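The values are calculated or read from the model by the stated rules, or taken from the named source; none is laboratory data. In this text, all values refer to a predicted model and were calculated from it rather than measured experimentally. Here the Cβ positions follow ideal geometry from the backbone for every residue, glycine too, while neighbour counts run over all protein chains shown. Side chains are part of the model used for accessible areas, which takes the heavy atoms of the whole protein and leaves out ligands, DNA and RNA. Shrake-Rupley method; radii C 1.70, N 1.55, O 1.52, S 1.80 Å.
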Amino acid sequence: MGTSATKDFSIPQIIQPTKESSQLATFAAGCFWSVELVYQRKDGILQSQVGYTGGSQENPSYKDVCSGSTGHAEAVRLEYDPAVLSYPDMLKIFWNKHNPTQGNRQGNDVGSQYRSAIFYHSEEQKALAEQSKAERQKAYETPITTQIVPAGPFYPAEGYHQ
């Protein structure tokens, strides 16, 4: 007799840098799984974690975020080794991953939780993000809607999303 699978609703600990030389980066560009996957395939990524950030509700659930009432975006938090993968290279991956002119959507995923955003962890990341956005804008006739905002609290998604 088989057992039914159950979803893991536990909340994992937020990832933190594991090396003195590593850095954090946080990006939102639609469904967090597809964003995480493109980065996981790159040398220099030490850890990745999907979750929610950029909103006002503390400890939101997936259901809360999907309601559109929390202000959070689905995002991926990454620990990376800048000696192997630079932040400008991570920004190139970000811009190539999605259409940054779609506003609160990516493809069939519609809602503010699917918006395009770069959550910077330092003033250097902010400057590089703004520079790359200005450069990328040259490729589009319509305005890029990507937000460039300070990284705030990051809430890891439930275990079944990890």
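Given [x] 1.04; [y] 1.41; [z] 1.11 as candidate values of Cα Rg over 2.2 N^0.38 Å, which corresponds to the one derived from the coordinates? Calculated Cα Rg over 2.2 N^0.38 Å: the matching label is [x]. Compute the Cα gyration tensor for region 118-162, then decide on rounded, prolate or oblate, letting a ≥ b ≥ c be the square roots of its eigenvalues: rounded whenever a/c is under 1.5, prolate when a/b is larger than b/c in the other cases, and oblate in all that remain. In terms of gyration-tensor shape, oblate.
Spin-label model, T101 to Q47: label points 7 Å out along the Cα-to-beta-carbon direction sit 3.8 nm apart. In the chain, the sites counted are trypsin sites (Lys or Arg not before Pro) in DSSP loop states with at most 12 other Cβ atoms within 10 Å, and the longest stretch holding none of them, exclusive of the sites, is 42-137. Take the chain with all the other protein chains still there, run a 1.4 Å probe, and you get 53 Å² of accessible area per residue. Which percent of the accessible area of the chain is formed by carbon and sulfur heavy atoms (probe 1.4 angstrom)? The nonpolar share, carbon plus sulfur, comes to 49 percent. Shape verdict for region 88-162, please, from the Cα gyration tensor: rounded (a/c under 1.5), prolate (a/b greater than b/c) or oblate. Note, shape of region 88-162 comes out oblate. Take the Cα of Y140, go 7 Å toward its beta carbon, and the backbone nitrogen atoms of region 62-101 under 20 Å from that spot belong to 72-76, 88-101.
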